[in-house]
Amino acid sequence: MSHGEVLEFEEYVRTRQDALLRSARRLVPDPVDAQDLLQTALARTYGRWDGIADKSLADAYLRRVMINTRTEWWRARKLEEVPTEQLPDASVDDATEQHADRALLMDVLKVLAPKQRSVVVLRHWEQMSTEETAAALGMSTGTVKSTLHRALARLRQELENRDIDARALDRRARSGVRGDGRGQGREQERCAA
């Protein structure tokens, strides 16, 4: 690669790194993994920078590299993880509703398969058209539409399940019923006697 292309790549990274990191954060739930994902994608793209004829498409190229890399990582993961029916509650550092909603959404996105998550992220967060999403993921527009439909249905179901679980816990707490189904009143009477 010529010195001019190296400088061009460095300038591209400098100007686009924040937006690219946001894209990476939407593809993987952990912020450190998102930084690693972006760094890996940038390293892979650097080696092929001179082959990208139309530099205005560099974002799309890099997003595709991030998606492929994330898919490679997912396939190579250790299968010692045990899927559970109930996901742990998302921790929310900031008390504002917007941050709570974002944390919930990021947590709920974990239930989607990588392909579904990619489609949702590109269509709704990156606001790409169906055609752009299809081109970025290398699939037909019909596949994008059906994958998006199934992914959104899965997200709706997960949110409904969480809402039902939260209401049941709230009712249990208000009625004084412990997790084992027994009331707490009798135990307090025994202690007082």
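The values are calculated or read from the model by the stated rules, or taken from the named source; none is laboratory data. Because the structure is predicted, anything quoted here is derived from the model rather than measured. Positions of Cβ are generated from backbone atoms using ideal geometry, with glycine treated the same way; all protein chains shown enter the neighbour counts. Surface areas here come from the heavy atoms of the whole protein model, side chains and all, with no ligands, DNA or RNA. Shrake-Rupley method; radii C 1.70, N 1.55, O 1.52, S 1.80 Å.
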With the Cα gyration tensor of the stretch 1-80 in hand, convert its eigenvalues to equivalent ellipsoid semi-axes via √(5λ) and list them largest first in whole Å.
24, 13, 10
Modelled FRET efficiency - R0 45 Å, Ala113 with Glu11, Cβ distances, 0.05 increments
0.80
Heavy-atom surface of the stretch 1-80, accessible at 1.4 Å and reported per residue (Å²)
62 Å²
